[in-house]
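Visitor: Quick one: the structure is below, questions incoming.
We did not get these values from a lab; they are worked out from the coordinates using the rules stated. Nothing here was measured: the structure is a model prediction, and the numbers come from that model. When we count neighbours, we look across all protein chains shown, and the Cβ atoms used for this are built from the backbone with ideal geometry, even at glycine.
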Amino acid sequence: MTRIRLGTRGSKLARWQTEHVADRIKTFFPRLDIEIVVIKTTGDIILDVALSRIGDKGLFTKELETALLNNEIDAAIHSAKDLPSELPETLMIGAVLPRENPHDVLLSHKKHSLADLPPGALIGTSSLRRIAQMKAYRPDLVMVDIRGNVETRIRKMQEQNLDAIILAYAGVQRLGLTEHLTEYLPFDVMLPAVGQGIIAVESRREDSDTTDILQQINDPLTSVIIQAERSFLRRLEGGCQVPIACLAEEQEGQVYLNGLVASLDGSTVFKESMYFDHNDPDNGGRKVAELLLEQGAGQVLQQIKNSGD
């Protein structure tokens, strides 16, 4: 194999992530020709409608996966949190890179921390997961839907005079946009999305040449973590627009997974956690999800699903 074609969204963050993957591949295969192919996705095209109203699966991945299936690219570079819980049968996650800090962060051009936000403060986010958890912690805050890439959301915060916005630290850090960052939100306040901070490389199962290349850049620990988190998501049948949060970490030689399901208004929050062995991430993630379902999380998820029908 003399050339590999990497598919990506066109945003600055997506391009950064793809170039980062390309650099990692070059480390092991310096003579390999790497072509970057930019593909627009539904989530990039429709920017004036809340994500929860235009669908809940594959908003930022479907067109990339179609290009993969049509052999127009050899690998698709994703933010792992954008991947739906079920991939097409002939595709797989061929590699994941070491996880960046998975925290959500508060950005405020007014320099507010979470504690000193005034009652009724305007907080920008398009994520139902963030809205639900923030309402559970500070029901007095007003959530304002904002869409767009990282730079666009920071600009909208200033133009709309919002008090703060919530973003994933990984994207803010990768783009060098930490100027307005005022606080890392603690996990007991804001648990991240499944796969947050992880770059995932999707490929065709039958493409052994690409698989061999991607195995060289795959991070074993992050691979275990993403398997556990995605198993958790899959058991709950959750798309990206459902208040489901999850974080798997290595602790004392085991994997510790903390999972959460919340109602849209934050009035009901289910939490569960478990330690399990590195060798069984799928089962571990599924068990935490089942514990949440036993608590009654399934009823909340069904209500949310019905409200969108």
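Visitor: Between Gln160 and Ala115, what is the spin-label point distance in nm, taking each point 7 Å from the Cα along the Cα→C-beta axis?
Guide: 2.8 nm
Visitor: In addition: Between the DSSP loop rule and a limit of at most 15 other Cβ atoms within 10 Å, which GluC sites (Glu not before Pro) in the stretch 189-261 are left?
Guide: Of the GluC sites (Glu not before Pro), the ones in loops of the stretch 189-261 whose Cβ has at most 15 other Cβ atoms within 10 Å are Glu206, Glu237, Glu252.
Visitor: Let me ask you something else. Straight-line reach from Lys62: which lysines have Cα under 29 Å away, leaving out those fewer than 8 places along the same chain?
Guide: Once the sequence-local lysines are set aside, what remains near Lys62 is Lys12, Lys26, Lys40, Lys81, Lys156, Lys287, Lys305.
Visitor: State, as an integer percentage, the relative contact order of the chain based on alpha-carbon contacts under 8 Å between residues 6 or more apart.
Guide: Once normalised by length, the contact order is 21 percent.
Visitor: Taking only Cα atoms and a 10 Å spring cutoff, compute GNM fluctuations for the chain and point out the largest among Asp212, Asp104, Asp265.
Guide: Asp212
Visitor: Let me ask another. Given only helices, namely DSSP H runs of n ≥ 4 each adding -39500 (n - 2.57), what is the per-residue ellipticity at 222 nm of the chain, to the nearest 500 deg cm²/dmol?
Guide: -10500 deg cm²/dmol
Visitor: Related question: Under a Cβ-Cβ cut-off of 11 Å, what is the net charge of the residues other than Asp163 that fall near it, where Lys and Arg count +1 and Asp and Glu count -1?
Guide: Net of charged neighbours comes to +1.
Visitor: Could you tally the net charge around His112, taking each other residue with its Cβ under 14 Å from the Cβ of His112, Lys/Arg +1 and Asp/Glu -1?
Guide: Counting the neighbours of His112, the net charge comes to -1.
Visitor: I need to check one value: relative contact order of the stretch 104-184, counting alpha carbon pairs closer than 8 Å and at least 6 residues apart, in percent.
Guide: That works out to 50 percent.
Visitor: Excluding Ile131 itself, what net charge comes from residues whose Cβ is under 10 Å from its Cβ, given Lys and Arg +1 and Asp and Glu -1?
Guide: +1
Visitor: Still on this structure, please answer the following. Can you sort Thr152, Thr61, Thr268 from fewest to most other Cβ atoms within 10 Å of each residue's own Cβ?
Guide: Result, fewest neighbours first: Thr152, Thr268, Thr61.
Visitor: Between Ile34, Ile77, Ile244, which gets the highest mean-square fluctuation from a Gaussian network model of the chain, Cα cutoff 10 Å?
Guide: Looking only at Ile34, Ile77, Ile244, the biggest GNM fluctuation is shown by Ile34.
Visitor: Sticking with this one: In what sequence do Glu272, Glu294 fall when counting other Cβ within 10 Å, fewest first?
Guide: Glu294, Glu272
Visitor: Quick check on the stretch 104-184: what does the Kirkwood estimate of hydrodynamic radius come out to from the alpha carbon pairs, in Å?
Guide: 12.4 Å
Visitor: From the phi of every residue in the stretch 76-85, what ³J(HN,Hα) in whole Hz does the Karplus formula 6.51 cos²θ - 1.76 cosθ + 1.60 yield, where θ is phi - 60° and glycine or proline is x?
Guide: Once θ is set to phi - 60°, the couplings for the stretch 76-85 become 10, 9, 10, 6, 4, 5, 7, 6, x, 5 Hz.
Visitor: A follow-up question, please. Mind listing the long-range amide H neighbours of Thr182? Cut-off is under 5 Å, sequence gap 5 or more, other chains count too, H placed in the peptide plane at 1.01 Å from N.
Guide: Counting only residues 5 or more places away or on other chains, the set is Leu106, Leu107, Ser108.
Visitor: Dividing the Cα convex hull volume of the chain by residue count, how many Å³ per residue is that?
Guide: 129 Å³
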